Amino acid sequence: MILAIDTSTANCSAALFADDGALIDARDDVIGRGHAEQLMPMVEQLLRGHVPSQILIGCGPGSFTGLRVGLAAAHGMAIGWDLPLAGMSSLALLAAGAPGDGPVAAAMTGGHGELFVQAFDRSPLAPAGELLNQSPQDAADSIGTALVVGTGAGLLVAARGTGEAIDLYPSASHALGLPAPLRSLEPRPLYGRAPDARPRQAA
């Protein structure tokens, strides 16, 4: 079995897949904060005493705190059970959950009123551009894809004045819909921008 987790947004998400890729069960709970308290009980409900053969973890971009919670839990389980651990692009999870089969852009709200955005082709799913961290207006100028999904989709489409926005969260249930390069990342945070905290300068 393959356990997939994403905690990059307000959605605490986990899914369990059979070795042949079939989805066994999934949980999505939009909790805002509190991933540290919610995630492990959710995983326990999915596993029901079984041990998976592999773990996939959403690496972001997204919430600094949420990413650290998910990655710490995934690393802990991988070490404790001696399992392979790989990372996933959380923006790719958004794109994988979008309806239809044409080009799509994933847009996630970030800090300071900015967006994390990336365009994707589909059939098969593949990045059509780089991960960007931009203001809604700059993102509107950079992203030409008509369909935009994610928590920042409405802001981008409003700034652009055209297109369709669908408010979505990344869901671990789409993990095996990602091509291998997007679910075999190093299991470490993909913040998409520099942290707000800065080292103090020496006097």
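Please treat every number below as a calculation from the coordinates, not as lab data. Here the structure is a predicted model, which is why all the values come from computation and not from measurement. Every residue, glycine among them, receives a Cβ derived from its backbone with ideal geometry; neighbour counts consider all protein chains shown.
So if we plug the beta-carbon distance of Met1 and Asp82 into 1/(1 + (r/R0)^6) with R0 = 25 Å, what FRET efficiency do we get, rounded to 0.05? The formula returns an efficiency of 0.95 here. Using the rule -39500 (n - 2.57) for each DSSP H run of four or more residues, divided by the residues of the chain, the 222 nm mean residue ellipticity is -8000 deg cm²/dmol.
Rounded to the nearest 5, what % of DSSP beta bridges with both residues in the stretch 98-166 are antiparallel? Of all bridge pairs located within the stretch 98-166, approximately 70 percent are antiparallel. Panel order for Leu176, Leu67, Leu168, by other beta carbons found within 10 Å of each beta carbon, from fewest to most: Leu176, Leu168, Leu67.
In the stretch 1-50, the alpha-carbon atoms span a convex hull of 63 Å³ per residue. Look at the alpha carbon pairs under 8 Å that are at least 6 residues apart: their mean separation over the length of the chain gives a relative contact order of 23 percent. Comparing Pro127, Ala105, Gly150 along the charge dipole axis of the stretch 98-166, the residue lying farthest to the positive side is Gly150, per the Cβ-charge model. Peptides 130-136, 111-117, 143-149 ranked from most to least packed, by the mean per-residue count of other Cβ atoms within 10 Å: 143-149, 111-117, 130-136.
Every Cα-Cα pair in the stretch 49-133 was counted, and those over 22 Å apart are 38% of them. Summary of the geometry: the stretch 160-187 and the stretch 81-114, compared by the centres of their Cα atoms, lie 3 Å apart. In a fully extended conformation the segment linking Ala36 and Val51 would gain 3.4 nm over its present Cα-Cα distance, using 0.36 nm per residue. For the stretch 98-166, what does the alpha-carbon gyration tensor say about shape, rounded, prolate or oblate, given a ≥ b ≥ c as the root eigenvalues, a/c under 1.5 as rounded, and a/b over b/c as prolate? Since a/c reaches 1.5 and a/b is larger than b/c, the shape of the stretch 98-166 is classed as prolate. Of Leu56, Ile31, Pro41, whose Cα points farthest to the positive end of the dipole of the stretch 14-93 (charges on the beta-carbon: +1 Lys, Arg; -1 Asp, Glu; origin at the Cα centre)? Result: Ile31, furthest along the dipole toward the positive end. Stretching Arg188 away from Ala159 to a fully extended chain increases their span by 7.2 nm, per 0.36 nm per residue minus the current alpha-carbon distance. Taking the Cα centre of the chain as origin and assigning +1 to Lys and Arg Cβ atoms and -1 to Asp and Glu Cβ atoms, the resulting dipole is close to 500 debye. Only Cα pairs under 8 Å and 6+ residues apart enter the sum, and on that basis the relative contact order of the stretch 81-126 stands at 32 percent.
Packing around the peptides 52-62, 179-189, taken as the average count of other Cβ atoms within 10 Å per residue, puts them in this order, highest first: 52-62, 179-189.
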